[in-house]
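J.: One structure follows; several queries about it will come next.
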Amino acid sequence: MTRSRPLEPGPARRDAEGSAIRTAWAAVLGAPALPPEVVAELQSLSTLRSVPAGTRLISRHVPARDLAILVAGDAALGTAHDDTTFHPERSLQGPDWLDASSAWLAATHAQDAVAVSDVQVLTVPRAVLQTSMARHPELARRLVTVLARQVHALTAVTHDLMHKDAEGRFAAWLAQRCVPDPIVPNTGVVALHERKRDIAAQLAITPETLSRLLRHLSRKALIDVLGYTVKVRDLSALRALATD
């Protein structure tokens, strides 16, 4: 990680840092809340950094010694070919894992990651976390569950790429990100945080194909496109299309 800077010192800043660390761990480990002593130990082991947009957060060419969490902001995972060319494959909004697996294998990171906006990144060394897991079996169980969920998600993505057409993959992408409308049943909203070319890269299609899919789903009355927002008009039909 380069050009990162620690949060400024001071009581208020330390309180904000502690709160951010606790919130991030709670988000990536899931419910129910861990015992207070485990949370306090995780906070003491973690390092939080503020990183400006455009910074390489992790690199495929660097051995992974830490587990990394995107605490706040937007980042992209993909492949960097040089200092100026980056091909995104998946976007992240904090809090989420940047890399929960590579450090356990004593391997390089599987992908590069770049900060799309100014971000906060939390890191914890694998060695000290492993010691903490030995003391707290519930923490170990949570981390195993995290890795199992990631394997499950990657298996689903691989299946979709092999067996679904572009329309089915995009329908699944929209359905997974749709926030249901609490007032109007079977409708919802998808906020498009990424550029079209970045979304297309995730779906293994071209930006032109993505534009055609947006028009096609609009003509089928499944969605309305309003700038950077997609209004889902028939969520159940969209899900059915994703599973065909």
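J.: Neighbouring Cβ atoms within 10 Å as the yardstick, rank H152, H109 fewest first.
T.: H152, H109
J.: Going by C-beta contacts inside 10 Å, put H136, H216 in order with the fewest on the left.
T.: H216, H136
J.: Another one. So how tilted is helix 137-163 from the main axis of the chain? Cα-based, degrees 0 to 90, rounded to 10.
T.: Helix 137-163 sits roughly 30 degrees off the main axis of the chain.
J.: Using a Förster distance of 41 angstrom, determine the FRET efficiency expected from the C-beta separation of S44 and M162, and round it to 0.05.
T.: 0.40
J.: Now, a different point. Fewest Cβ neighbours within 10 Å first, please rank S91, S44 accordingly.
T.: Ordered from fewest to most neighbouring Cβ atoms within 10 Å, S91, S44 come out as S44, S91.
J.: Given contacts defined as C-alpha pairs under 8 Å and at least six residues apart, what's the relative contact order of the chain, whole-number percent?
T.: Averaging sequence separation for qualifying contacts and normalising by length gives 18 percent for the chain.
J.: Charges only on Cβ, +1 for Lys and Arg, -1 for Asp and Glu: so what's the dipole of the stretch 164-243 about the Cα centre, in debye to the nearest 20?
T.: With Lys and Arg at +1 and Asp and Glu at -1, about 120 debye.
J.: Now, a different point. State the Cα centre-to-centre distance between the stretch 152-231 and the stretch 76-140 in whole Å.
T.: Distance between centres, Cα-based: 25 Å.
J.: On a straight-distance basis, which lysines could pair with K231 in a cross-link, Cα separation under 22 angstrom, same-chain partners fewer than 8 positions away excluded?
T.: List returned: K196, K220.
J.: In degrees from 0 to 90, rounded to the nearest 10, what is the angle of the helix 207-219 Cα long axis to the longest principal axis of the chain?
T.: 60 degrees
J.: How far, in degrees from 0 to 90, does helix 11-29 lean away from the longest principal axis of the Cα atoms of the chain, to the nearest 10?
T.: 60 degrees
No lab work stands behind these numbers, since they all come straight from the coordinates. Since the structure is predicted, the reported quantities are computational estimates derived from the model, not experimental observations. Using ideal geometry, Cβ is built from the backbone for each residue, glycine included, and neighbour counts are taken over all protein chains shown.
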